[in-house]
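Asks: This is the structure I want to talk about, given as structure tokens.
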Amino acid sequence: MTTATLAAYSLLAVYSGAAIYVLAFIAYVVDLSGRSREALAARPAVSSATTAEGSGAVVAPPAPPAAASAPARAGKAGRIAFALTVLGFAVHVLGVVLRGVAAARAPWANMFEFAITGVAVIVGVYLAVNIFRNVRYLGAYITGLAALLLMLSTLNVYIDVVPLPPALQSGWLVIHVFVAILGTGFFALGAGLSIAQLLQARREAGGAGSRLLAGFPASEALENTAYRVNVIGFAFWTFTLIAGAIWAEFAWGRYWGWDTKEVWTFIIWVVYAGYIHARATRGWRGAPSAWLSIVGFVAVLFNFTVVNLFFKGLHAYAGV
């Protein structure tokens, strides 16, 4: 089978994976809607009673919104959504593998390949975390983000299979870049948890909030899970920074050169280091820690998009 044929099949698999993610997104939204109706229906209602002084309305104490640390169990739509996510992930990974076979190398040497591999890892991290902790309530966020990023990358930064530039012809391409992608996957999940935390905290405080959040855990539980996920991502990102410096010495004869990509990788490391330090030693809880988590992931996206496309440097391998 020719390189062009394999690349075409790879692109078809990526498109198919994106389509399945869209179906999963719809099913997740339907599931969240069903969970919210159940949670709202379970709240105590106003009951009529007769007291010693006369007749009156007695209001039962309201249940705290989303008080449970664990989310409600998924219904039929939720199980269908999760199954579609697994199917979409399998088809998506097939597309990544075919791209690698077509190129005869690791499929993350340019912006398009990094994007399709990175999105696969984001979904894979979500599925893996569900083995240890139920985070299926984030399924709409994960599949919606995955479908959006895949469509943007295939439509805007797709390039045909090309040979590796000399500086990338190294085993560090596999180690350094893949670990960076793993860190990105955990940061994406952490950002989703932090966004849910902010919305849930607002809802718990009596402010306006989507009824879809009724099936989510409490904001404190969301914050704790986000912290654990971001710590794992930070460990991967620390290795990325160190491995990148070692590779730079082999490729360019220096460990650090203040290249734009290097600077932004370090900025991201500093943001998450500050997030972990402030929460662990300064007692930052609630909105401040959530915003730091979100800012960190925005910096990751900025590093991947704006820095790749508009800043020239030794790391300019976007290919577009």
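Each reported figure results from applying straightforward, stated rules to the coordinates on display, with no laboratory input. Every value quoted in this text rests on a predicted model; they were computed, and no experiment measured them. A quick note on method: Cβ atoms are made from the backbone with ideal geometry, for glycine too, and the neighbour counts reach across all protein chains shown.
Asks: From the phi of every residue in the stretch 77-88, what ³J(HN,Hα) in whole Hz does the Karplus formula 6.51 cos²θ - 1.76 cosθ + 1.60 yield, where θ is phi - 60° and glycine or proline is x?
Replies: 4, x, 5, 5, 4, 5, 5, 5, 5, 4, 5, x
Asks: Determine, for Lys261, Lys76, the number of other Cβ atoms within 10 Å of each Cβ, and report the residues in order from fewest to most.
Replies: On the way: Lys261 18, Lys76 11.
Least crowded to most crowded, the residues run Lys76, Lys261.
Asks: Hey, can you grab everything whose amide H is under 5 Å from the amide H of Ala109? Only 5+ residues off in sequence or another chain; H modelled, so Pro and N-termini drop out.
Replies: Amide H neighbours of Ala109, under 5 Å, 5+ apart: Phe114.
Asks: A further question follows. So, counting K/R as plus one and D/E as minus one, what does the shell of residues with Cβ under 15 Å around Gly100 add up to? Working shown, then result.
Replies: Values: positive: Arg99, Arg105; negative: Glu113, Asp160.
Local charge sum for Gly100: 0.
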